[in-house]
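First comes the structure, then the notes that go with it.
The values are calculated or read from the model by the stated rules, or taken from the named source; none is laboratory data. From a predicted model like this one, the values you see are computed outputs, not experimental measurements. Note that each Cβ is placed from the backbone with ideal geometry, even for glycine, and that neighbours are counted across all protein chains shown. What goes into the accessible areas is simple: the full protein's heavy atoms, side chains included, and nothing from ligands, DNA or RNA. Shrake-Rupley method; radii C 1.70, N 1.55, O 1.52, S 1.80 Å.
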Amino acid sequence: MNSGAGPAETSVSGPGRRRFIGALAGAATAGALSSAAACASSEPWDRARAERTRREPASSAAHRPRRERQLFLGTYTSQEGGGSGIGLATYDETTGRVTGTGTLTGVPDPSYLALHPSGRTLYAVAEREKGGVTAVALSSEGRHKVLGTRGTGGAGPCHLSVHPSGRWLLSANYLSGGVAVHPIDGSGALGERTDLVTHSAPPPGPGQEGPHAHQIITSPDGRHVLAVDLGNDTVYTYRLDGDAGTLRQVSSATLRPGAGPRHLTFHPSGRFAYLANELDDTVVVCAYDPATGRLRPGEPQSTGSGGGTNHPAQIAVTREGRFAFLANRGHDSLARYAIEGGGARLRLLGTEPVRGEFPRHLALSPSERLLFTANQKSDSVSVFHVAPRSGELRLAGEPFRAPVAVCALPATAS
């Protein structure tokens, strides 16, 4: 499917949309969504690295700057050729080289990942017919532990994010078209769901049989929660009750029919946001009012695909708000934009091939010296050096092999 919410891909009146096959629904058993602890399996490359470390003089290791950072990889465990859990790796901050370190098993279909603001807990969707969200306690020694899985109350969750307060996990159910809220306790574990909202209006867009919630995020000031729905061509704005964990809709912005909004990213100023429209192959600059949460979409702009079959996936914006990068699936490129007018304008600078197929997800490293793309159909992760002054991209060696790579999330701390 071209939007990437599920392992199975079929064509439905236009660009392909994901559908969960019967076998996948059957796989979503209570055992798969259990709270049993998972284990990290050791790969051959770990032994080689350990041998290099053993031979290295202790004094050399003690004085060498720490450049390696953790990288977490999302995949589909129920898809043929997919992974067996959350992929574990490290990357070199200077060279961009990625090294596999194992797999965190026992986590079903972890297609999207997010970190707690503390950096101590990782969250994953269980993108299945009976959807769930999983919490993983992270260890600096690599002894990560699954804390448990909670049901989202919907089908096919494909996105999740942590509220800046660190107290709430927000998730989007693609197949059933709604968003859910779970409390987070002091250990990072998840409590029972406190809210579930299904998008019932406006009517679905052309070729859509219903709502398809694709993303849920919090505005930069923390005052509003925004949910992007591809099926209804609408972005919904909610207020989150910080005590009860419930959502109250305060606004909505509907795009032109058939746009298929997928992913929204804010400018650091909090006054503008950029929306990737999967179905009509455009990006839109939106004005945003922090006081009311109202979003006002502008005119559609080019993704740099040249008019061929392309389904933009996600936008990343640099911390200083100077550049934006868009993952193009189909054109298999990264579009590079200059951000102008204090965030009000995007100017397309060009595109860079990802050296892979179907870049489903992209992410900047915390230093913003590197950019990662998870290339779903080529089973790979590409890493690019980012020039701070120009935003130009340069491939950092051969892409890293990873089964059905659909998310590449660099850790905020080591």
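Tabulated results
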| quantity | calculated |
| --- | --- |
| Selected residue (only one of 330, 293, 270 is open to solvent by 20 Å² or more (accessible area, probe 1.4 Å) and in contact (Cβ under 8 Å) with a residue 24 or more places away in the chain) | 330 |
| Options 262, 239; residue that is farther than 25 Å from residue 127 by Cβ, touching a His at 6+ places or on another chain (Cβ under 8 Å) and not β-branched (Val, Ile, Thr) | 239 |
| The one condition in (1) touching a residue at least 60 places away in the same chain (Cβ under 8 Å); (2) hydroxyl-bearing (Ser, Thr, Tyr); (3) surrounded by fewer than 24 Cβ atoms within 10 Å (Cβ to Cβ) that residue 139 fails to fulfil | (1) |
| Tabulated pairs, segment 240-266, first in contact (Cβ under 8 Å) with a residue 24 or more places away in the chain, second surrounded by fewer than 15 Cβ atoms within 10 Å (Cβ to Cβ) and of a type outside the set (Ser, Thr, Tyr), C-beta under 7 angstrom, 6+ apart or interchain | 253/296; 254/202; 257/206; 258/206 |
| Identity of the residue in segment 355-391, open to solvent by less than 30 Å² (accessible area, probe 1.4 Å) and hydroxyl-bearing (Ser, Thr, Tyr), that ends up farthest from the chain's Cα centre (by Cα) | 378 |
| Positions within segment 214-238 being in a strand (DSSP E or B), in contact (Cβ under 8 Å) with a residue 60 or more places away in the chain and farther than 22 Å from residue 343 by Cβ, in sequence order | 214 |
| Residue in segment 182-197 that is at pLDDT below 95, of a type outside the set (Ser, Thr, Tyr), in contact with a Leu (Cβ under 9 Å, 6 or more places away or on another chain) and open to solvent by less than 20 Å² (accessible area, probe 1.4 Å) present | no |
| Count of segment 67-79 residues which are open to solvent by 20 Å² or more (accessible area, probe 1.4 Å) and part of a loop (DSSP other than H, G, I, E, B) | 4 |
| All positions within segment 178-202 that are in a loop (DSSP other than H, G, I, E, B) and under 30 Å from residue 254 (Cβ atoms) | 193, 194, 199, 200, 201, 202 |
| Residues satisfying the stated conditions in segment 338-388, i.e. within 24 Å of residue 72 (Cα to Cα) and among the hydroxyl-bearing types (Ser, Thr, Tyr) | 365, 367, 373, 378, 380, 382 |
| The lone exception for residue 82 - which of (1) buried (at least 20 other Cβ atoms within 10 Å of the Cβ); (2) at pLDDT 95 or above it fails | (1) |
| Segment 200-243, residues that are open to solvent by 10 Å² or more (accessible area, probe 1.4 Å) and β-branched (Val, Ile, Thr) | 217, 218 |
